[in-house]
Amino acid sequence: MISTTAVQRPLFSPDTITRYQADQYTHGAMHHTSKAIPEIFLEYASEDLPSGASEKLLINSLSNAKRALHAQVEILCEGFGASNLNKQLQNFPSRLDFLEKCGILRPRIFRKINNLRNLVEHEYHIPTQQQAEDFIDIVYLFLDAVKIFRYNQPYDIEWFDEVYDFTGTYQLKSMHASWAKGKITLRSQFKGAERQDPWITQEISVNDPAYFIWVKMMLQHDY
């Protein structure tokens, strides 16, 4: 059995690691508990939006597109460990902020279209045909862009190249993401150690700001 030692202080900085140093990524289907299927809501939205749609259909279309957007955002948040946060995400803007920190999206456009949804639901605004079409198009592009995470989410990286800490003492070997637990584990060894020699592990929780830096690196370097 290979022994391990846990460390508290960070040994490595993801900013110093390039995408070309990762030798192997492992992927799997995203774990989540949601029963909602965003694509179904978006299909309903499109069906409610024929040319020259009535005010009722325009409102229904926008509402279903909103459901698709919110359902996908909630799935992604859970899939990247948000349910393990000490302070739970209470609303849509906080979920967008979480995904932005993970490097999954830039929320500005989603805040804009969410404001339109708020006008419809809370101030009785009637969306125009163009507004409803734009909302659906943006949500469609979003679902298409992130579907890879739902079916092919990275959770493990191995480095065979020389990735050292700032002292040159430790060599980073692997990173494992336990998404359901909201935890990342880094495994390293002393420089020049053999594989059977002791390993050093560092666990980073979703409640630690460093978690998001490592997640962002993992997603940016995936190929």
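Counting only helices (runs of 4 or more DSSP H) that fall entirely inside region 28-121 and contain at least 2 residues that are at pLDDT below 90, the qualifying elements are 55-79, 92-102. Between Q220, Q171, Q196, which is part of a strand (DSSP E or B) and modelled with pLDDT under 90? Going through Q220, Q171, Q196 in turn, the sole match is Q171. Going by the structure shown, is Y44 surrounded by 11 or more Cβ atoms within 10 Å (Cβ to Cβ), at negative phi and either charged (D, E, K, R) or free of Cβ contacts under 8 Å to residues at least 24 places away in the same chain (or both)? Against the criterion (surrounded by 11 or more Cβ atoms within 10 Å (Cβ to Cβ), at negative phi and either charged (D, E, K, R) or free of Cβ contacts under 8 Å to residues at least 24 places away in the same chain (or both)), Y44 qualifies.
Conditions tested, residue by residue: (1) buried (at least 20 other Cβ atoms within 10 Å of the Cβ); (2) out of contact with any His (no Cβ under 6 Å at 6 or more places or on another chain); (3) not assigned by TED's automatic domain parsing to the domain that holds S188.
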site	(1), (2), (3)
K66	yes, yes, yes
L76	yes, yes, yes
G79	yes, no, yes
R106	no, yes, yes
P127	yes, yes, yes
V139	yes, yes, yes
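Selection within region 189-203: residues that are touching a Ser or Thr at 6+ places or on another chain (Cβ under 8 Å) and touching a residue at least 40 places away in the same chain (Cβ under 8 Å). The member of this set that is farthest from W179 (Cα to Cα) is P198.
What do you reckon, is E47 under 21 Å from L219 (Cα atoms) and among the acidic types (D, E)? Steps first, answer last, please.
Details: under 21 Å from L219 (Cα atoms): no; among the acidic types (D, E): yes.
So E47 does not fit the description; no.
The values are calculated or read from the model by the stated rules, or taken from the named source; none is laboratory data. The structure displayed is predicted, hence computed values, not measured ones. Methodologically, a virtual Cβ is constructed for each residue, glycine included, from the backbone with ideal geometry; neighbour enumeration extends over all protein chains shown.
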